[in-house]
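The next block holds one structure in the form of structure tokens; read it before the comments.
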Amino acid sequence: MSDDKEFEELMDKLIAQAIPVPIDPEKVPEKFRILIPMAERWGVSEDGLRYCILRRASDKELEDLISRARSYITALLDEWLAGPEAEGPDFSKEYIAFTCMHLAADEANIILRKRRSLKI
């Protein structure tokens, strides 16, 4: 078995075992609660696992993540993510999920551009 195939099979197993973090809406600023389902899906804090999940997403799913995230992940979302809670030292699971969703949107953009540059 090739190393790539073994790696892909291992990632499939890890992704299957990944448990979404349930987000408490009361710990999320009201104007961002509409993004809770996205944060639960894409807000994976383990970088390698998040990357594998993104790689397996369809182009449409990545486009939706990028589009919806861009409409919120601007100065508005940064009010929260770069606000007082960013000082730590303790971060809520909600804060971490939204931060990781922010990262996922950036990573999705890179993956999508790479896919499109490889298509003929």
Checking F7 against (1) closer than 17 Å to H102 by Cβ; (2) part of a helix (DSSP H, G or I), only one condition comes out false. Which one? (1)
Candidate set: the stretch 13-33, residues that are outside any loop (DSSP other than H, G, I, E, B) and out of contact with any helix residue (DSSP H, G or I) (no Cβ under 8 Å at 6 or more places or on another chain); chosen: the one modelled with the highest pLDDT: E26
Within the stretch 22-55, of all residues that are under 22 Å from G83 (Cα atoms) and aliphatic (A, V, I, L, M), the one surrounded by the fewest Cβ atoms within 10 Å (Cβ to Cβ) is I34
Just checking, does the stretch 42-52 include any residue being within 30 Å of F7 (Cα to Cα), of a type in the set (D, E) and in contact with a helix residue (DSSP H, G or I) (Cβ under 9 Å, 6 or more places away or on another chain)? yes
When the stretch 1-21 is checked residue by residue, the ones that are surrounded by 12 or more Cβ atoms within 10 Å (Cβ to Cβ) and farther than 23 Å from A57 by Cα are none
Within the stretch 34-68, the residues that are within 13 Å of M101 (Cα to Cα) and assigned to a loop (DSSP other than H, G, I, E, B) are G43, V44, S45, E46
Of the residues D90, D106, D78, only one is free of Cβ contacts under 8 Å to residues at least 24 places away in the same chain and under 13 Å from the mean Cα position of the chain (by Cα); which? D106
Select from the stretch 90-104 the residues that are surrounded by 24 or more Cβ atoms within 10 Å (Cβ to Cβ) and in contact with a Lys or Arg (Cβ under 9 Å, 6 or more places away or on another chain) and write down the one among them that is nearest to M38 (Cα to Cα). M101
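The values are calculated or read from the model by the stated rules, or taken from the named source; none is laboratory data. Note that the coordinates shown come from a computational prediction; the quantities given were computed from them, not determined experimentally. Cβ: placed from backbone, ideal geometry, glycine included. Neighbour counts: every protein chain shown.
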